[in-house]
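Below is one structure, written out as structure tokens; comments come after it.
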């Protein structure tokens with residue numbers, strides 16, 4: 001029986017520095033060129049320093065199908081806008097030196113050409129350390145407190161029981177959120193805590209937080225079925241703009257989509273208070289293939 005391994009960067013802690021590199025498919029490119037580019041990419045990726053996700057357009061261009069992979073649906077409700085901004089491929093570069101990540105991204109860009117064209121790059125970083133050891137969002141609140149760990153993390157984030165080439169894979173959602181930090185700073189400390197549903201000082205959950213608190217909107221065990229995902233988010237900053245690159249890994253896209261619908265008020269008409277100071281400006285879904293023999297396993301895609 002083939003042993004499929006998950007790309008280890010998915011389950012590893014958030015690094016000191018990250019780089020999210022997004023690609024589109026060049027127009028009218030022959031299928032064999034797409035296969036050739038992905039095969040070159042596979043030789044450069046160990047799943048640890050670089051986590052690779054393939055978007056629906058990439059899979060479709062190969063004439064293949066990954067069960068459960070689809071483009072995210074844009075949401076517009078009660079003044080909340082969650083866009084859908086698909087990409088053909090995303091590489092999450094992980095490390096500690098931004099210069100090294102830059103050089104590595106250039107190498108990947110060359111390997112993927114001419115089938116794939118670079119469309120967007122977002123640099124992320126780890127910020128601080130919360131009471132539970134996770135990094136902090138730029139608002140100062142710990143990010144990832146409710147993450148499952150150990151076997152529970154693997155159960156939430158990794159597909160199993162689907163067969164060779166699919167077992168060990170993971171579905172990834174990447175959203176770039178832009179924060180209005182001036183608006184956040186203008187809020188009283190108590191209102192900030194109510195917005196998140198935790199005290200920033202010690203990360204304790206507030207029993208009397210309003211129903212709109214982010215923690216209550218996304219309580220993973222409160223969904224039916226439970227909607228657990230593994231978050232691997234990182235802050236970003238460019239010029240006078242800043243926010244969070246929200247990244248969630250799941251055994252499917254269903255848990256993320258359930259959380260997003262509730263945050264936008266589609267479930268009960270209550271919108272997540274986080275939208276007061278932040279909004280998603282990009283949102284895309286990907287399939288992260290497993291590893292086989294130390295490299296990306298692309299056989300399901302006939303590559």
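The table for this structure:
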{"item": "Restricting segment 161-189 to residues that are exposed (fewer than 15 other Cβ atoms within 10 Å of the Cβ) and modelled with pLDDT under 95, the residue that is nearest to residue 220 (Cα to Cα)", "result": "161"}
{"item": "Test for residue 16: is it without any contact (Cβ under 8 Å) to a residue 40 or more places away in the chain, surrounded by fewer than 22 Cβ atoms within 10 Å (Cβ to Cβ) and either within 25 Å of residue 294 (Cα to Cα) or touching a strand residue (DSSP E or B) at 6+ places or on another chain (Cβ under 7 Å) (or both)", "result": "no"}
{"item": "Scope segment 223-243; condition without any contact (Cβ under 8 Å) to a residue 60 or more places away in the chain and surrounded by fewer than 12 Cβ atoms within 10 Å (Cβ to Cβ); matching residues", "result": "224, 225, 239, 240"}
{"item": "Subset of segment 191-200 (residues that are under 13 Å from residue 141 (Cα atoms) and assigned to a helix (DSSP H, G or I))", "result": "192, 193, 194, 195, 196"}
{"item": "Complete set of residues in segment 129-147 that are surrounded by fewer than 17 Cβ atoms within 10 Å (Cβ to Cβ) and either at pLDDT 95 or above or part of a strand (DSSP E or B) (or both)", "result": "140"}
{"item": "Residue 9 being in contact with a strand residue (DSSP E or B) (Cβ under 7 Å, 6 or more places away or on another chain) and either in a loop (DSSP other than H, G, I, E, B) or within 17 Å of residue 171 (Cα to Cα) (or both)", "result": "yes"}
{"item": "Residue in segment 226-234 that is within 23 Å of residue 23 (Cα to Cα), assigned to a strand (DSSP E or B) and touching a strand residue (DSSP E or B) at 6+ places or on another chain (Cβ under 6 Å) present", "result": "yes"}
{"item": "Residue among 30, 56 that is surrounded by fewer than 16 Cβ atoms within 10 Å (Cβ to Cβ) and either within 16 Å of the chain's Cα centre (by Cα) or closer than 21 Å to residue 117 by Cα (or both)", "result": "30"}
{"item": "Residues that are surrounded by fewer than 16 Cβ atoms within 10 Å (Cβ to Cβ) and not in a loop (DSSP other than H, G, I, E, B), drawn from segment 70-92", "result": "76, 77, 81"}
{"item": "Scan of segment 244-274 for residues that are more than 13 Å from the chain's Cα centre (by Cα), surrounded by fewer than 19 Cβ atoms within 10 Å (Cβ to Cβ) and in a helix (DSSP H, G or I), ordered by number", "result": "254, 261"}
{"item": "Pairs, first surrounded by 15 or more Cβ atoms within 10 Å (Cβ to Cβ) in segment 106-120, second assigned to a loop (DSSP other than H, G, I, E, B), C-beta under 6 Å, six or more apart", "result": "115/26; 115/29; 117/26"}
{"item": "Within segment 173-190, tally of residues that are assigned to a strand (DSSP E or B) and within 11 Å of residue 139 (Cα to Cα)", "result": "1"}
{"item": "Selection count, segment 19-69, where residues are closer than 28 Å to residue 125 by Cβ and in a strand (DSSP E or B)", "result": "11"}
{"item": "Residue 209 being over 13 Å from residue 141 (Cα atoms) and assigned to a helix (DSSP H, G or I)", "result": "no"}
{"item": "Matching entry among 179, 134 (being out of contact with any helix residue (DSSP H, G or I) (no Cβ under 9 Å at 6 or more places or on another chain) and closer than 18 Å to residue 94 by Cβ)", "result": "134"}
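The values are calculated or read from the model by the stated rules, or taken from the named source; none is laboratory data. Because the structure is a prediction, the values reported are computed rather than measured. Note that each Cβ is placed from the backbone with ideal geometry, even for glycine, and that neighbours are counted across all protein chains shown.
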